[in-house]
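Chemist: This is the structure, below, for whatever I ask next.
No value in this document is a laboratory result; all are computed from the given coordinates. If you're wondering where the values come from, they're calculated on a predicted model, not measured in any experiment. Positions of Cβ are generated from backbone atoms using ideal geometry, with glycine treated the same way; all protein chains shown enter the neighbour counts.
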């Protein structure tokens with residue numbers, strides 16, 4: 001648990017440095033090792049990906065608000081929200097991915 005918290009702290013630290021203009025891009029790599037098999041998941045945060053993240057979150061926020069009003073009486077509203085959240089998550093993964101395996105996940 002402390003490893004996860006420390007990695008989140010370092011990611012946020014470098015993201016703050018990036019947003020302040022001190023560095024141009026941040027690349028975060030998470031290795032996944034299973035016995036002899038190893039895959040590195042790599043994320044890149046630069047000016048274009050941050051803008052893309054903002055645009056995706058803005059558009060998806062508008063869709064979430066509209067669907068909340070439009071589908072208020074529908075019995076499948078929760079299912080739609082979960083599907084939309086999964087789509088937004090995959091779009092965010094595609095925006096920040098820096099490796100081929102992560103592109104396939106997104």
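Chemist: Using a 7 Å offset from Cα along Cα-Cβ at residue 74, what residues in the stretch 84-103 end up with backbone N under 15 Å from the label point?
Modeler: Residues 84-87 qualify, since their backbone N sits under 15 Å from the label point.
Chemist: With 10 angstrom as the radius, rank 48, 71 by how many other C-beta atoms surround their C-beta, starting from the fewest. Mind dumping the intermediate values first?
Modeler: Numbers: 48 11, 71 15.
The most exposed by this proxy come first: 48, 71.
Chemist: Between residue 51 and residue 82, what's the calculated FRET efficiency when r is the beta-carbon distance and R0 is 25 Å? Round to 0.05.
Modeler: Details: r = 27 Å, r/R0 = 1.07.
The pair residue 51/residue 82 has a calculated efficiency of 0.40.
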